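Below is one structure, written out as structure tokens; comments come after it.
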Amino acid sequence: MSKPIVDLVAGARPNFMKLAPVERALRKAGAVTTRIVHTGQHYDPGMNDVFFEELGIPAPDVHLEVGSGAHGSQTARILERYEAHLIAARPAAAVVFGDVNSTVACALAAVKLGVPVAHVEAGLRSFDRTMPEEINRLLTDAIADLLLVSEPSGVSNLRREGVPEEKIHLVGNVMVDTLMGEVERARALPIVAEMGLEPQGYGLVTMHRPSNVDDPAVLGRMLSLLVDLGRRLPLVFPVHPRTRAAAGRASLVNLLTDGPGLICSPPLPYRQNLALMASASVVLTDSGGMQEETTVLRVPCLTMRENTERPITVEKGTSRLVGNDPDTIRAAFDEVMAGRWPAGESIPLWDGKAGERVAAAIGEWLS
């Protein structure tokens, strides 16, 4: 008797880091056959292909090749193409990850055809519906059959929203599995020295969210602030394609030119980015995942957002919400430089074994 086929659906860089430990754990458990579906939401090789190679993820079995576009058109293309795949080769279940457009589009396509859906990283809420990711989270959780949660706030959110208890499973953080499995290999890379830097002698920056880059006035203030902070501590800034395009439209590309303190680069492969994060004295970011990674690495994290869907990183970790006000960010940066930043605590179930718990929950669910 053949094993049931389970689609593991991913489309953007954060998804791949979450998919890797789940795919390995399901393959090891041997109860199902996994089929990796790449939607192509991120199509730049620097944003996805290298992740498959570094993280040991098998090549995708299905590639939907949707490419970029506005939220509505991109989401519609993903839904249409994944629906066609489901009709042609129906799986026993679809597993979706995180909160990108691929997550909600593939969940919706599956549910409409009666294919059960599991959502890895369910229940996270920023309570900010201006964020596209928040809408994706809410809709995906409303239609998913199995909700696999990374932190206690997710369980509370789902209960408050009326999700039946039997659907909710607190399994821990699968992205931490990837970090723990890769951090020593990352630390062995020479990238810090190749950039002429010393461990703990620089900061790392990432910035791509609409609240920070879409308004030219805000983007100009943020980039000018980074140039200014870089005069005190060298800052490595792998520039997201979205941010570079916004800077081009706003005639701010001159601020992304390498100077003595701001070291700009294209997006980096996972291990190189992890190597820089692990040895940084501070991280400034608007990324959700990096709030979690810096918490595990015990690196001070200035989260350049007004809210977070990962409150445990603020309550127990090393993250602090600083928004995009230059004075607030500068004051927090001063605390880091003065050595006054909290060390953070360990987070329960962020132990490198979340993928195994996800695989066990999926196996039990399907049986």
field: Evaluation of L86 against (1) surrounded by fewer than 23 Cβ atoms within 10 Å (Cβ to Cβ); (2) closer than 28 Å to P238 by Cα; (3) at pLDDT 95 or above (one fails), failing number
entry: (2)
message: Just to confirm my filter: which strands (runs of 3 or more DSSP E) fall fully inside the stretch 82-173 and include at least 1 residues that are of a type outside the set (G, A, S) and closer than 14 Å to V37 by Cβ?
response: 93-97, 117-122
- request: Please enumerate the residues belonging to the stretch 13-30 that are more than 18 Å from V117 (Cβ to Cβ) and among the aliphatic types (A, V, I, L, M).
  value: M17, A20, A25, A29
- request: Go over the candidates V282, V253 one by one and state the one that is hydrophobic (A, V, I, L, M, F, W, C) and surrounded by fewer than 18 Cβ atoms within 10 Å (Cβ to Cβ).
  value: V253
query: For V174, are the conditions met, namely being more than 18 Å from I329 (Cα to Cα) and surrounded by 22 or more Cβ atoms within 10 Å (Cβ to Cβ)?
result: yes
- request: Determine if the stretch 143-158 includes at least one residue that is touching a Ser or Thr at 6+ places or on another chain (Cβ under 7 Å) and either among the polar types (S, T, N, Q) or crowded, with 19+ Cβ neighbours inside 10 Å (or both).
  value: no
- prompt: For the stretch 317-329, what are the residues that are surrounded by 16 or more Cβ atoms within 10 Å (Cβ to Cβ) and of a type outside the set (S, T, Y)?
  reply: G317, R320, L321, V322, G323, N324, P326, I329
message: Show the residue pairs meeting these rules: Cβ distance below 8 Å; 6+ apart or different chains; first residue within the stretch 342-358 and of a type in the set (K, R); second residue part of a loop (DSSP other than H, G, I, E, B).
response: K353/G172; R357/V171; R357/G172; R357/L349
- prompt: Would the stretch 333-356 turn up any residue that is over 15 Å from the mean Cα position of the chain (by Cα), closer than 28 Å to D214 by Cβ and basic (K, R)?
  reply: no
field: Candidates M47, M1, M17 - the one that is in a loop (DSSP other than H, G, I, E, B) and either more than 20 Å from M175 (Cβ to Cβ) or modelled with pLDDT of 90 or more (or both)
entry: M1
field: Pair list, Cβ under 7 Å, 6 or more apart: the stretch 231-257 residue not assigned by TED's automatic domain parsing to the domain that holds M277, other residue among the acidic types (D, E) and modelled with pLDDT of 95 or more
entry: none
- request: Take the stretch 196-226 and flag every residue that is over 24 Å from N307 (Cβ atoms) and either buried (at least 17 other Cβ atoms within 10 Å of the Cβ) or out of contact with any helix residue (DSSP H, G or I) (no Cβ under 8 Å at 6 or more places or on another chain) (or both).
  value: G196, L197, Q200, G201, Y202
task: Considering only the stretch 227-336, give the strands (runs of 3 or more DSSP E) lying wholly within it that have at least 3 residues that are over 21 Å from T178 (Cβ atoms), out of contact with any strand residue (DSSP E or B) (no Cβ under 9 Å at 6 or more places or on another chain) and not aromatic (F, W, Y).
output: none
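The values are calculated or read from the model by the stated rules, or taken from the named source; none is laboratory data. A quick note: this is a predicted structure, and the numbers were derived from the prediction, not measured. Using ideal geometry, Cβ is built from the backbone for each residue, glycine included, and neighbour counts are taken over all protein chains shown.
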